[in-house]
């Protein structure tokens with residue numbers, strides 16, 4: 001195949017890949033490999049074809065071949081790590097991510113910021129898998145990785161606080177939320193969460209204070225109004241909402 005045909009065929013493969021039409025994508029990839037054409041992108045697409053067919057060992061090998069050709073190929077790192085996590089190979093998945101992050105750090109000035117955001121999202125996905133497996137410390141570690149990479153630091157900090165509360169570490173959840181509100185005092189969702197934790201600890205006045213602060217920033221917030229009614233009923237005080 002000449003170079004023009006190669007490029008046309010590659011564009012066709014990309015279209016099928018983005019449409020997740022793996023049935024049409026597979027024979028195109030086979031043409032490239034028959035012609036001894038190799039690239040990280042082709043191996044990455046091939047890995048997803050195998051993944052779609054449930055051929056996990058072949059998918060892992062293709063992801064690894066993509067990374068052998070280009071260790072900085074983030075999409076392959078993400079795909080391999082998620083697959084390994086799905087198969088319960090958490091430690092191996094973690095090593096893949098750590099290696100990818102090293103390359104990102106080395107190329108920090110040249111890297112598209114969206115790459116860090118994609119990595120952060122995958123760390124959150126891995127955290128969800130750990131939570132499902134009740135491996136909460138590992139989940140917290142992944143959320144902290146995500147927080148360091150992402151521009152959505154406030155949102156992820158809220159997730160970290162929620163997880164601390166879930167596992168009974170209320171003091172750490174409170175500390176996380178107060179730190180978050182120090183940076184983002186108008187973050188109403190964080191005030192609602194903090195109030196609920198304080199309420200659970202029977203600190204009714206402090207809980208009401210947080211919910212009233214939420215109402216100052218969002219006067220129509222129905223959750224804050226409901227929580228204040230709940231807390232004042234529990235404390236025997238007059239209900240104004």
Could you tell me what fraction of 2.2 N^0.38 Å the Cα radius of gyration of the stretch 71-151 comes to, as a two-decimal ratio? 1.02
What 222 nm value per residue comes from the helices of the chain, counting each DSSP H run with n ≥ 4 as -39,500 (n - 2.57) and dividing by all residues, nearest 500 deg cm²/dmol? -25500 deg cm²/dmol
What is the chain's relative contact order, in percent, from Cα pairs under 8 angstrom and six or more apart in sequence? 8 percent
P(r) tail for the stretch 17-109, what percent of Cα pairs lie past 17 Å? 50 percent
If each residue of separation counts as 0.36 nm, what is the full-extension length gain between residue 219 and residue 52 once their alpha-carbon separation is subtracted? 55.3 nm
proj_area_mean for the chain (convex hull on C-alpha atoms), units nm², value 16.6 nm²
So, R0 is 25 Å and r is the distance between the beta-carbons of residue 179 and residue 155; what FRET efficiency does that work out to, to 0.05? 0.95
Just want the ordering: 25, 80, from fewest to most Cβ atoms lying within 10 Å of their own Cβ. 25, 80
Set the Förster radius R0 to 22 Å, insert the Cβ-Cβ distance between residue 206 and residue 117 as r into 1/(1 + (r/R0)^6), and round the FRET efficiency to 0.05. 0.05
What angle, in degrees between 0 and 90 and rounded to the nearest 10, separates the Cα long axis of helix 90-106 from the longest principal axis of the Cα atoms of the chain? 80 degrees
Expressed in nm to one decimal, what extension gain is obtained for the pair residue 232 and residue 162 from 0.36 nm per residue of sequence separation less their Cα-Cα distance? 22.8 nm
Label model pair residue 98, residue 171: point-to-point distance (7 angstrom along the Cα→beta-carbon line) in nm is 3.0 nm
Enter the angle in degrees (range 0 to 90, nearest 10) between the Cα long axis of helix 40-52 and the first principal axis of the Cα atoms of the chain, meaning the one along which they spread out most. 70 degrees
Could you calculate the FRET efficiency of residue 21 with residue 186 from 1/(1 + (r/R0)^6), where r is the beta carbon distance between them and R0 is 35 Å, rounded to 0.05? 0.20
Mind computing the radius of gyration and Dmax over the alpha-carbon atoms of the stretch 1-70? Å is fine for both. 11.5, 34
What is the angle, in °, between the Cα long axis of helix 204-217 and the longest principal axis of the Cα atoms in the chain? Nearest 10 is fine, range 0 to 90. 60 degrees
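Rule-based calculations on the coordinates, nothing more; no lab input. Bear in mind the structure is a predicted one, so any value in this text is a computation, not a measurement. As a convention, Cβ positions derive from the backbone with ideal geometry for all residues, glycine included, and neighbour counts pool all protein chains shown.
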